[in-house]
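A.B. asks: This structure is in structure tokens; I'll ask about it shortly.
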């Protein structure tokens, strides 16, 4: 069973951040090697995780990993498979939005390329499983500073406590304090956009269809949830997003209806609305001696392709495989040559996805008629090339490139 983090104990791995990435990494390490000492540090009490009202798109590869970690069957009854995806490109005032691209929803027979999963189900499942496997927790608490030595890293926590570990993993988000303390520089720019996230109910069933409408201000994604509900990721210029979030329900719903359309009948807000600033943040290095980045601390990208969280799960699968393999060979999990294997595996892929999402956002978030004609021609071309569509589905499902064992559903 789990325990409180103990002073005087030298853990194998300390993980700063108890979100999806931190918890799944802790669970993956303890599942593969129960003797490994793992501690998770998070500023929030872990028992409030079920209160997150949002939902996340989980690619097929990530669901295979969660199945291998023993929690997918607990999550699945609350998940909504994405059976189809359509892409449109139009102006906001256009009465008709022609569909330029459609994707079937299966990677293999009976396996959708993604599911929508409520955060309030997935996070508690990860926490319960990690706790059951013996992961230690220091929460609520924060890693305030650290110092890497030849054999371990010393952490000073905000509470005044101190911890020792052979490796510190920063999974503390896109504004990672630990990344800055490690002296890792980033490539960063702001898009001047914010993503409005909320949930709506609608009169007619969505039939498991996801929609991405490219509008001049940015993509407007409709993602199916169980029942007649959908999760929205609505991109607007930051000032407009703030105005919309601060508006009354009637004004918000009127603006929402202009973008959503009437194909699913009457709409009604079914959850809180929040806006999150969008930008690109890529760490120049993913590792330092006895230190590694994972998840948004390593790469924060635009949600246009829905790959942010799934990239974090790729980090988890790759880092867990590298660390567990090294330990089985009698190597030091915090040694720089071990961590460089993880960096070689993940850094190029993260930079590549960052560039792709950046180009897509710049190409589609505008009202230029010449660019619209060019991109619509490109979308139509992809629609007529089954092999290219299959490649895109493989990428969206998380199976492109060298895939860690957990993402194929195999144990480490």
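A.B. asks: If you take every DSSP beta bridge whose two residues both sit in the chain, what share of them, in percent to the nearest 5, is antiparallel? Don't skip to the answer; put the middle values down first.
C.D. replies: Details: 60 of 83 bridges.
Of those bridges, close to 70 percent are antiparallel.
A.B. asks: What angle, in degrees between 0 and 90 and rounded to the nearest 10, separates the Cα long axis of helix 369-383 from the longest principal axis of the Cα atoms of the chain?
C.D. replies: For helix 369-383, the angle is close to 70 degrees.
A.B. asks: Given a 10 angstrom Cα cut-off, can you work out which residue in 165, 210, 144 is the most mobile in a GNM of the chain?
C.D. replies: Result for the chain, Cα springs under 10 Å: 144 fluctuates most.
A.B. asks: On a 0 to 90° scale, report how tilted helix 308-328 is relative to the longest principal axis of the chain, with both axes built from alpha carbons and the result rounded to the nearest 10.
C.D. replies: So the helix axis and the longest Cα principal axis differ by about 20 degrees.
A.B. asks: For the chain, what does the helix formula give at 222 nm: sum of -39500 (n - 2.57) over DSSP H segments with n ≥ 4, over the residue count, nearest 500 deg cm²/dmol?
C.D. replies: Here the helix-only value at 222 nm equals -11000 deg cm²/dmol.
A.B. asks: How do the peptides 292-305, 215-228, 398-411 rank, highest first, by the average count of neighbouring beta carbon atoms within 10 Å per residue?
C.D. replies: Values: 292-305: 26.2, 215-228: 20.4, 398-411: 17.4.
Per-residue mean Cβ counts within 10 Å order the peptides as 292-305, 215-228, 398-411.
A.B. asks: Remind me, relative contact order of the chain in percent, using alpha carbon pairs under 8 angstrom and six or more residues apart?
C.D. replies: Taking the mean separation of contacting Cα pairs over the length of the chain, I get 21 percent.
A.B. asks: Here's something else I'd like to know. Can you tell me the order of 258-268, 322-332, 306-316, 89-99 when each peptide is scored by its average per-residue count of other Cβ atoms within 10 angstrom, highest first?
C.D. replies: Sorting 258-268, 322-332, 306-316, 89-99 by mean packing, highest first, produces 306-316, 322-332, 258-268, 89-99.
A.B. asks: Taking a label point 7 Å from the Cα of residue 335 along the Cα→Cβ vector, which residues of region 25-54 have an amide N closer than 19 Å to it?
C.D. replies: Under 19 Å, as judged by backbone N against the label point of residue 335, lie 36-37 of region 25-54.
A.B. asks: Of 191, 20, 342, which has the largest mean-square fluctuation in a 10 Å C-alpha GNM of the chain?
C.D. replies: For the chain, modelled as a Gaussian network with Cα springs under 10 Å, the answer is 191.
A.B. asks: Taking only Cα atoms, what is the 0 to 90° angle, nearest 10, from helix 20-32's long axis to the longest principal axis of the chain?
C.D. replies: 50
A.B. asks: What order do you get for 107, 238 when you list them from fewest to most C-beta neighbours inside 10 Å?
C.D. replies: Exposure proxy ranking, most exposed first: 238, 107.
A.B. asks: Next question, about the same structure. Quick check on packing: order 127-136, 177-186 by the mean number of other C-beta atoms within 10 Å, highest mean leading. Display every interim value, and only then the final one.
C.D. replies: Working: 127-136: 20.9, 177-186: 17.1.
Those peptides, ordered most packed to least, come out 127-136, 177-186.
A.B. asks: Two decimals is fine: what's Rg over Rh for region 47-202, C-alpha atoms, Kirkwood radius as Rh? Spell out each step's value before the answer.
C.D. replies: Numbers: Rg = 20.9 Å, Rh = 19.8 Å.
Result: Rg/Rh = 1.06.
Throughout, read-outs are computed from the coordinates displayed, never taken from laboratory work. Quick caveat, the model's predicted, so the values are computed rather than measured. Counting neighbours? That spans all protein chains shown, and the Cβs are built from the backbone with ideal geometry, glycine included.
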